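Here is the structure we will look at.
The values are calculated or read from the model by the stated rules, or taken from the named source; none is laboratory data. These figures come from a predicted structure and were not determined experimentally. Because the Cβ atoms are built from the backbone with ideal geometry, glycine has one as well, and the counts that use them run over all protein chains shown. Areas reflect the complete protein model, heavy atoms only, side chains present, ligands, DNA and RNA absent. Shrake-Rupley method; radii C 1.70, N 1.55, O 1.52, S 1.80 Å.
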Amino acid sequence: MIDPKAAYQALISRDARFDGVFYVGVTSTGIYCRPVCPVKPPKAKNCRFFASAEAAEKAAFRPCLRCRPELAPGNAPVDNAHRVAHLLIQRIEEGLAGEGVDLEGIAAQFGLSSRQVRRITQKELGVSPIELLQTRRLLLAKQLLTETNLSVIDIAFASGFASLRRFNDAFSTQYRMPPTRLRRETGQPQTELAAHPTTTLRLGYRPPYDWEAFLEFLHGRRILGVEAVTPEAYLRTVRLGQHVGWIRITHVADERVLKMEFSNSLMPCLPALLRRVRMLFDLSARPDLIVRQLRKDPRLKDSVGLNPGLRVPGAFDGFELTWRAILGQQITVQAATTLAGRIAQAFGETLATPHGELIRLTPSAATLADADVREIARLGIVSSRAAALQSAARAFQSGTLRLEPGAEPDSAIAQLVGLPGIGPWTAHYIAMRALRWPDAFPPGDVAVLRNLEGVTARQAELLSQAWRPWRSYAVMHLWRKIQPMKNAEARRRGGDARVHESGNSL
C-alpha cells in the first residue's frame, strides 16, 4: 500500500531513486506520470498514486508524453511483484502467452489453480492478466511510435497485436487518440521495416551505474565469436525461438539510459529481447536500497562508497551461462574464455553480421545434448567436465531444468547440485546471474575469504547474514577489491584479468 503523504513528498523532490517505484495519476488532467516528470508538480489533492503503470491505466489515466512511463526503470511490476506475477509477465514478454494467457501452465508450476493466479495478479499488480498483457503491448507500441520511424503496421505486430485493426482499437480506446496522431506529434517520419536493417531503443535505469566495471566483467567472460566487448559497447549474437540476429548496447550517462541497437530480424520477438537485455544489465536494481544496507558493514563501506553503481551482471541465456560456468571451474577466467570460444566454434551455428567479431550463435541445449562427450573433450576439456556439460544440456533439453528469473532459487540450486560435476559454488554463481537472485552467496569463494582477511568459509557465511538480501552485490564488491575491473586499457589491448570462476582456487 502506497502512503500518499510519503509519495507526494517524493514526487515534489523529483528524486530519481523513486523513478519506477510508483506512478502518480493527476485527476485534473487524466494523465499519469513518473515521479521525475519535469512538469510543475500538481496539488496534493489532485494526486492518486499507483504501484504500476497497469494500475494507473486501469483507473483511466493516460501516459504522460513528457516523462514517458514506459521508460521507467524496471517497469515497477517486475521489480516487486510476487514471483507468480513476475513469472506471468515473463511469459507474456517471451511470447509464450497469447490472448488467452497460459494461466494453467503457470499455475501448475506453483501448484495453484488458474483462478488463484488471477487473484494473485490482481492483488500484486492491480489488474487482470488480460489487462496486464494489453498494457505491456500498448506501452511498447508507444515507445516504438515515439523513438523509431517504423510504420504503424510494423509497430502493431512488433508489440504483439494480431492485426492492425485490433491495435488501432486498443490504442484509441486506452489513450483517446489514434496511433497516427501520436506519430504526428512526435514528428517521426514513417518508413517500412525493410527500409532499415536496425532499430535503436532506450532502456532506463536508476542511477548510478558503473558502466566501465560492468563491461570489464563481461569482457573477461565473453564467448569469442558470440560476444564482443569494446571500450564503449557490448555486442552479441541472439537466438530467440526461430529468430536470429544481433544487438549492440551502449551507455548514455547524461540520459540515464542504455541504448540498444538491434537487427530488425529480431523485431518479432522484441518484448522477449527487451526483457533479456534488462536482466543481463541489471537495469531494475535499486542502488539506493543496496548501498544503504551494505555500507553498514565496515568491511564493505569503502568499496560501496567508491562504487555505488556496481551491478550484478545477469545472463542473456540461462543455459549459456550454465555451460560457461561449468567450463570455468578450477581454471582462470582467461582459460575458460578460450574453452568457451572452442565450444562455440565447434557447436555453434554460423551467422553473418556487420560486426566482424560476431560470427556464431551460442550452442543450443539440443546440440550439446546430442554431442559425443569425446568430441567435447577433444577441445581440451577434461572428460568429467565434458560429461557434466552434456548432463546439464540434457536437463535443459528435457525441460527438467529451467533457469529463469522468478524461479525459486533454493530449488534451482538443489537441482543444479544434483547434476554430475556441479558443486555448491557453481550452483550459487548460476543462481546469482541466471536467476537474478540478489541474495546468492557462493560458498567458500577464495576471493571473498581473502578479502574478509582470513576468516573461514563458515565464518564468512555468518558474516554475510548482515548483507541480506543483497549478498550478490556484496560478492561483486569483494571480487572487485581483489581484482579491480576498471581496466579499459587492458580491454583495448585484448588482454584479460586472471581471475578464477571457481571459489576452490584463485
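Taking the numbered list (1) closer than 26 Å to residue 283 by Cβ; (2) open to solvent by 70 Å² or more (accessible area, probe 1.4 Å) in turn, residue 49 passes all entries but (2).
Every condition in (1) open to solvent by 10 Å² or more (accessible area, probe 1.4 Å); (2) part of a helix (DSSP H, G or I) holds for residue 284 except the one numbered (2). The single condition among (1) of a type in the set (D, E, K, R); (2) crowded, with 21+ Cβ neighbours inside 10 Å; (3) out of contact with any Lys or Arg (no Cβ under 7 Å at 6 or more places or on another chain) that residue 181 does not meet is (2).
For the stretch 165-175, check the following and say yes or no: at least one residue is in a helix (DSSP H, G or I), farther than 18 Å from residue 312 by Cα and of a type in the set (Lys, Arg). Yes.
When you look at residue 254, is it open to solvent by 20 Å² or more (accessible area, probe 1.4 Å), farther than 19 Å from residue 204 by Cβ and either at pLDDT 95 or above or in a helix (DSSP H, G or I) (or both), yes or no? When the stated conditions are applied, residue 254 does not pass them. Condition test on residue 439, is it under 19 Å from residue 318 (Cα atoms) and either in contact with a His (Cβ under 6 Å, 6 or more places away or on another chain) or part of a loop (DSSP other than H, G, I, E, B) (or both)? Judged against the criteria, residue 439 is a match. In the set (1) under 19 Å from residue 254 (Cα atoms); (2) more than 24 Å from the chain's Cα centre (by Cα); (3) open to solvent by less than 10 Å² (accessible area, probe 1.4 Å), residue 66 fails one condition alone, (3). On the given criteria, is residue 350 modelled with pLDDT under 95 and under 22 Å from residue 247 (Cβ atoms)? The answer is no for residue 350. Only residues that are within 18 Å of residue 458 (Cα to Cα) and either in contact (Cβ under 8 Å) with a residue 40 or more places away in the chain or among the aromatic types (Phe, Trp, Tyr) (or both) were counted in the stretch 407-428, giving 3.
Tell me which residues, restricted to the stretch 147-159, are open to solvent by less than 30 Å² (accessible area, probe 1.4 Å) and of a type outside the set (A, V, I, L, M, F, W, C). Residues satisfying the conditions are 148, 151, 159.
Taking the criterion of being within 21 Å of residue 221 (Cβ to Cβ) and either small (Gly, Ala, Ser) or touching a residue at least 12 places away in the same chain (Cβ under 8 Å) (or both), would at least one residue in the stretch 292-302 satisfy it? Looking through the stretch 292-302, none of the residues is within 21 Å of residue 221 (Cβ to Cβ) and either small (Gly, Ala, Ser) or touching a residue at least 12 places away in the same chain (Cβ under 8 Å) (or both). Looking at the stretch 49-149, the helices (runs of 4 or more DSSP H) lying wholly inside it that each contain 2 or more residues that are modelled with pLDDT under 80 and farther than 23 Å from residue 177 by Cα sit at 77-80, 83-93, 103-109, 114-125.
Would it be correct to say that residue 182 is assigned to a helix (DSSP H, G or I) and farther than 22 Å from residue 270 by Cα? When the stated conditions are applied, residue 182 does not pass them. Residue under question is residue 248, and the condition is that it be open to solvent by 20 Å² or more (accessible area, probe 1.4 Å) and either of a type in the set (A, V, I, L, M, F, W, C) or in a strand (DSSP E or B) (or both); does it hold? So residue 248 passes the test.
Within the stretch 236-245, being in contact (Cβ under 8 Å) with a residue 12 or more places away in the chain and open to solvent by 10 Å² or more (accessible area, probe 1.4 Å) holds for 239, 240, 241, 243, 244.
Any chance the stretch 420-437 includes a residue that's modelled with pLDDT under 90, farther than 16 Å from residue 320 by Cα and open to solvent by 10 Å² or more (accessible area, probe 1.4 Å)? Checking the stretch 420-437: at least one residue is modelled with pLDDT under 90, farther than 16 Å from residue 320 by Cα and open to solvent by 10 Å² or more (accessible area, probe 1.4 Å).
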